[in-house]
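Inspection log for the structure reproduced underneath, given as structure tokens.
The values are calculated or read from the model by the stated rules, or taken from the named source; none is laboratory data. Please read all numbers here as calculations on a predicted model, not as lab measurements. Glycine gets a Cβ as well: all are built from the backbone with ideal geometry, and neighbour counts include every protein chain shown. Quick note on the areas: whole protein, heavy atoms, side chains included, nothing else; ligands and nucleic acids left out. Shrake-Rupley method; radii C 1.70, N 1.55, O 1.52, S 1.80 Å.
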Amino acid sequence: MMLHLNADWRMIIFLSLLAIVVGASAPPSSADERLLLDWDQAVERLRITDLQGEDITELTQPRQEQGRISVAVPESRPFVIKGDEIETLRVSSDEPLILPNGLVIPSPSPDTEVADQGGEGPSPLTAAWLRLTLAASPIPAVWNPVSGAYHTELSFGLRPSEERLITELELEHPVEVRIRLRGLTIQESLPPLRIDRPGLAHEQTLRLSFLPSTPNPTLEVRSTISDVNLELEVLPRLELRPASRRVLGLGLENVEVTLVRVAPHGMPLPAEQPTDVALTLDGGGRLETGAAHFAPGQATTSFSLRSSGLAPITVNAFTGSLSSETVIQQQLPWGPILAALVGGALGGYGRRFIKGARQALTRRRLVEGLLVASIAYVAGVLGVGYLGLPGVVVATEAGAFLTGALTGFIGVNVLETLSSAGHRRSH
């Protein structure tokens, strides 16, 4: 029994000595080198993969140290660290945003005395901790009334853990960024972006023109090193909705314009408090009503304007940071003018049917009727604009025809009466 126990002890001692000798002579593994990375998630929520997508979480042995993440560096090859859930961030300012997750690129330290002295020991390791960044401008996104869409520019780049690494790092494979849309439509498709180096000069920018269809338009950013959902902050807008885009010029017609507060996704947005609206008109026209304003709980208001001249009327509305613009075309009232001239000619021609009228003056009466109707029409236009006469008098074909016919008939009679009186006095 004693001999058996002694043999066992000798075997245990031999194996222990063998392990010590082998451990002392074996070269240290690169996995023994550990890197500290700034990371605010729990270790249990990390997923670490190589660039081919193979999970190497167990190989890197992540653990938390002093509020940071410590990982082993397997074979000095790059690897990607991501959380197990996709975060949602709100983009609400134009400050650059560092997106979650990142790429670790281990490399030998440039300050390696061992390498300089030709020593046989392994080189210490450093690491570039690359993060994907986003800068959006303008943000909140603003409404462009000309294109009928919201606009902003998105710039994606790479930021290393140290500024000195910007010029030193070269990526073996570019970081590819793809964007999917949720709750918004765009005017053009978004191509994938490829970023091959860190630094401002290598950022990739795309212009986004979009219309939200939900209160929270979201960009689903999927890339080699970072997956994140980005909610874009978008300003509400004002919309000017005239009853007609064309009006008769020269003050002959007025138009009702409705002003609507609209949420980014197109739904009416009631005002929370009394809100005054500043209105300006360029090119012609004048306001028929006072200043517009939104009452609390009201999403619409309206005002009336009358044409003036023939130039296009540019209507601008302002309230706070919101503005809107629309253009109303003024057109020459060709229809009423022709109707007035035809009426004047017929009125002058009708003078020949009065008893005792000389038939030889028919052509003259037509010309006189046209002349009197023209003068009467201009007087009618001025009367509508400055004397408050009903616009139907000269703004419609029927009213202009009746005005021309009456003034042509009466005017010709007056002219002939004056001509006869003058002729008798001359004799």
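Taken over region 154-199, residues that are in contact with a Pro (Cβ under 8 Å, 6 or more places away or on another chain), among the charged types (D, E, K, R) and farther than 19 Å from residue 80 by Cα amount to 1. Quick check, is residue 67 at pLDDT 85 or above, small (Gly, Ala, Ser) and more than 30 Å from residue 142 (Cβ to Cβ)? No; evaluated as a whole, the condition is false for this residue. Taking region 170-182, which residues are at pLDDT below 95 and open to solvent by less than 20 Å² (accessible area, probe 1.4 Å)? The one that is at pLDDT below 95 and open to solvent by less than 20 Å² (accessible area, probe 1.4 Å): 175. Inside region 134-150, residues that are within 18 Å of residue 185 (Cα to Cα), open to solvent by 40 Å² or more (accessible area, probe 1.4 Å) and part of a strand (DSSP E or B) make up a count of 3.
Against the test of being among the charged types (D, E, K, R), modelled with pLDDT of 90 or more and either in a strand (DSSP E or B) or more than 39 Å from the chain's Cα centre (by Cα) (or both), the options 131, 47 yield a single qualifying residue, 131.
May I ask you to say which residue of 386, 377, 349 is modelled with pLDDT under 80 and of a type in the set (Phe, Trp, Tyr)? Write out each step before concluding.
On the way: 377 fails: modelled with pLDDT under 80; 349 fails: modelled with pLDDT under 80.
Step by step, each of 386, 377, 349 is checked, and only 386 is modelled with pLDDT under 80 and of a type in the set (Phe, Trp, Tyr).
If you check residue 90 against the conditions, is it at pLDDT 85 or above and either surrounded by fewer than 19 Cβ atoms within 10 Å (Cβ to Cβ) or more than 30 Å from residue 210 (Cβ to Cβ) (or both)? Break it down stepwise before answering.
Working: at pLDDT 85 or above: yes; either surrounded by fewer than 19 Cβ atoms within 10 Å (Cβ to Cβ) or more than 30 Å from residue 210 (Cβ to Cβ) (or both): yes.
Criteria met by residue 90.
Among the residues of region 301-343, those that are of a type in the set (Gly, Ala, Ser), open to solvent by 20 Å² or more (accessible area, probe 1.4 Å) and touching a Gly at 6+ places or on another chain (Cβ under 9 Å) comprise 308, 309, 311.
Determine whether region 231-249 contains at least one residue that is under 23 Å from residue 87 (Cα atoms) and more than 11 Å from the chain's Cα centre (by Cα). Don't jump to the end; show me each part of the working.
Let us first name the residues in region 231-249 that are under 23 Å from residue 87 (Cα atoms), namely 231-234.
Still in the running and more than 11 Å from the chain's Cα centre (by Cα): 231.
Yes, region 231-249 contains at least one residue that is under 23 Å from residue 87 (Cα atoms) and more than 11 Å from the chain's Cα centre (by Cα).
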